[in-house]
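The structure under discussion appears below in the form of C-alpha cells.
Taken together, the values in this text are just the output of simple stated rules run on the coordinates, not laboratory data. Keep in mind that what you see is a predicted model, and the values were worked out from it rather than measured. Note: ideal-geometry Cβ built from the backbone for every residue, glycine included; neighbour counts use all protein chains shown.
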Amino acid sequence: MAHLLLIDDDPALIPKQVRLAFPAPTHRVEVACSGVDGVGRVRADPPDVVLLDLRLPDQSGLETYQAIRRIDARIPVIFITLARSADAAIEAMRQGACDYLFKPLDLQQLRRVVDEALDVGRRMLRPAAVAEELTDPGLEGAIVGSCPAMREAYKVIGLVSDQDVPVLILGESGTGKELVARAIYQHGKRARAPYRALNCAAIPEGLLESELFGHERGAFTGADRRRIGKFEQCNGGTIFLDEIGDMAPASQAKILRLLQEQEFDRVGGNETVRTDVRLIAATHRDLKAWSAEGRFRPDLYYRLGVVTIHVPPLRERGDDLLLLVQRFLRRFNRELGRDVREVAPAAMDRLRSYSWPGNVRELQSVLQQALLRATDSVLLTSHLPDDLLESTRASRASVDHLMVGTLAELERRAIQECLIQTGGNRQRAAGRLGISTRTLLRKIQEYKLEDPLHPAAWPNG
C-alpha cells in the first residue's frame with residue numbers, strides 16, 4: 001500500500017482530487033492542513049510521497065520542505081502551486097524536490113508524477129543488500145548470488161561505496177546493473193541523500209541534455225519556463241546513468257566537464273551551476289572498443305572507468321540460477337496469488353539448459369508467465385512459455401547433432417589408425433576393432449577411406 005501525505009489547507013477540493021486519483025485500499029492518503037502538522041506526521045510515520053502546497057497558513061511551503069528534508073531527504077516531495085510564475089516551485093526543484101504541479105490539478109498528470117515519485121522513493125529506500133543465500137525473507141531487493149564473478153563484484157561494492165570516485169558497471173542488458181548501483185549508493189556516505197536513476201537510451205537525444213542539466217526559458221521551442229535538471233536537483237546525492245554508451249557526443253562533453261569540475265551550464269544558459277553529485281554509470285556496450293573507434297569519448301571512458309564492476313550474464317552464474325528462481329517464486333507467489341513451492345526436476349533442467357539472452361530480467365518474465373499457468377504447488381515443464389521450450393528443444397537438437405558428428409569423427413579416425421597399424425589388412429583391422437569384415441568394408445565406404453595406407457589423401461584426414 002502506497003502512503004501519500006497531502007499538506008494543503010484546502011479542506012475539500014484538493015484532498016478529494018487526490019483520493020479520487022489514488023483510491024483505497026491500494027493507497028492511503030493522509031491530509032495535514034498546516035506545515036507544522038505535516039512535518040509532525042512525516043516524523044511520526046514517514047510517507048512514501050509528500051504532496052506539498054507552496055502556500056500554507058502557518059509557514060511557507062519551502063520552509064516546510066526544508067524541515068522534511070532534515071528528517072529524511074530521501075522522501076520524494078511534489079509541490080502544488082497556484083502561482084503561474086512558479087518561481088518558488090523552481091527554487092524547490094533546485095533544492096531537490098521531485099516535481100511541481102499547478103492548481104487545479106490535472107488527475108492524469110497527478111497520477112503520472114506521483115507514480116514516478118513512488119518509483120524514485122522505492123529505488124532509494126528498498127534494500128539492495130548483498131545476500132549469498134535467501135536467509136532473510138525481508139531482503140526482496142537483495143543482490144543474490146555466490147558464483148565467483150558475483151563475489152568479486154561484492155568485494156568491489158564494499159571497497160568503493162564510501163568513496164566519491166565514479167563507478168562504471170559493465171554487463172549485458174538485464175543482468176542487474178541498477179541493483180549494483182543502488183547497493184553502492186545505500187552502503188555509502190550519501191545513503192540518506194537523494195538518488196536519481198536515468199536510462200540514457202530511453203530518452204530522445206534532443207531531450208537528454210535538458211533532462212540532465214536543465215534549460216533556461218526560451219532555450220528551444222516549447223521551453224516556456226526554466227527547468228531544473230537532474231544534476232542540479234540531486235545536489236549532494238547520487239545519480240545513476242544507465243546505458244551511458246548510448247549518450248550523444250555533446251552530452252558526453254558536459255558529463256566530462258561535470259566529473260572534472262562539478263559544474264555545468266543549463267541548455268540555453270550562460271550561468272555556471274555548481275553541484276556536488278556522485279556519478280555511477282552503466283552500459284552493455286564495450287566502451288573500450290567504442291572509444292578506440294571514436295564512438296565514445298576516450299577521455300570520458302577513462303574518467304568513468306576509475307573503478308569498474310563486471311556483472312556476469314545469467315548463463316555464466318551456475319547454481320545462482322536456482323537461488324534466483326527460489327527468490328522470484330516467493331515474490332511472484334505473493335504478487336500473483338499463487339502457492340508454487342517447488343520446481344519439478346524436468347522443468348529446472350529446461351531452465352538450466354536455456355541460454356538466457358535477456359538474463360535475470362528474462363528469468364523474471366518467464367517465471368511470472370509460468371506461475372500464471374500453474375494450478376498447484378509444483379511448477380511443471382508444461383507451465384513454461386512456449387518460446388523457451390522451443391528454444392531449449394532447438395538447443396538440445398544442436399547438441400545432439402554435434403555429438404553425433406563428434407562420435408562419427410572419432411570412429412572414422414579409429415578405423416583409419418587401425419588400418420595403418422595393420423598395413424591395410426582389413427580382416428586383422430576388423431578383429432582389432434571388434435566388428436565384422438563386412439561392417440568394416442561398409443564403414444570404409446561410408447567414410448571414403450579409399451587409400452588406408454595414405455591417410456593424407458583422405459577427406460579431412
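Whose amide H sits under 5 Å from the amide H of V307, counting only residues 5 or more places off or on another chain, with H placed in the peptide plane?
Those lying under 5 Å, H to H, from V307 are L168.
Give the long-range amide H neighbours of I80: residues separated by 5 or more places, or on another chain, with amide H under 5 Å away, using H modelled in the peptide plane at 1.01 Å from N.
Those lying under 5 Å, H to H, from I80 are L52, D53, L54, L101.
If you place +1 on the Cβ of every Lys and Arg, -1 on the Cβ of every Asp and Glu, and leave all else neutral, what size is the dipole of the range 184-342 about its Cα centre, to the nearest 20 Debye? Kindly include the intermediate steps, with their values, before the conclusion.
Working: 27 positive and 23 negative charges, 117 e Å.
It comes to approximately 560 debye.
What ³J(HN,Hα) values, in whole Hz, does the Karplus curve 6.51 cos²θ - 1.76 cosθ + 1.60 give for the range 294-303 when θ = phi - 60°, with x put for Gly and Pro?
x, 8, 8, 4, x, 5, 6, 4, 5, 6
If you count, for each residue, the other Cβ atoms within 10 Å and average over each peptide, how do 180-189, 428-437, 321-330 line up from highest to lowest? Don't jump to the answer; show the numbers that get you there.
On the way: 180-189: 22.2, 428-437: 15.2, 321-330: 18.2.
Going from most to least packed, we get 180-189, 321-330, 428-437.
What residue among I420, A92, L198 has its Cα farthest toward the positive end of the dipole of the chain, where the charges are +1 on Lys, Arg and -1 on Asp, Glu, each on the Cβ?
I420
How big is the charge dipole of the range 162-235 about its Cα centre, in debye rounded to the nearest 20, if each Lys and Arg gets +1 on its Cβ and each Asp and Glu gets -1 on its Cβ? Walk me through the numbers on the way to the answer.
Details: 11 positive and 10 negative charges, 75 e Å.
It comes to approximately 360 debye.
Using Cα pairs under 8 angstrom and six or more residues apart, how large is the relative contact order of the chain, in percent? All intermediate terms of the calculation are to be shown ahead of the outcome.
Values: 743 pairs, mean separation 51.5, N = 461.
Relative CO of the chain lands at 11 percent.
How large is the direction-averaged shadow of the alpha-carbon convex hull of the chain, in nm²?
On the way: hull surface 123.4 nm².
Orientation-averaged projected area of the Cα hull: 30.8 nm².
Among G171, I255, Q17, whose Cα projects farthest towards the positive end of the dipole of the chain, with charges put on the beta-carbon of Lys, Arg (+1) and Asp, Glu (-1)?
G171
Please report the spacing between the Cα centers of the range 48-112 and the range 145-160 in Å, no decimals.
Here the answer is 39 Å between Cα centres.
For the range 198-223 and the range 266-308, write down the distance between their C-alpha centroids in whole Å.
Using only Cα atoms to place each centre, the spacing works out to 17 Å.
Determine which lysines satisfy two conditions relative to K16: a Cα distance under 22 Å, and not lying fewer than 8 residues away in the same chain.
The qualifying lysines are K103.
Amide H of E30: which non-local residues (sequence gap of 5 or more, or other chain) have their own amide H closer than 5 Å, using H built in the peptide plane?
Result for E30 returns L4, L5, L6.
When all alpha-carbon pairs of the range 246-343 are counted, what percent fall beyond 23 Å?
Result for the distance tail: 53 percent.
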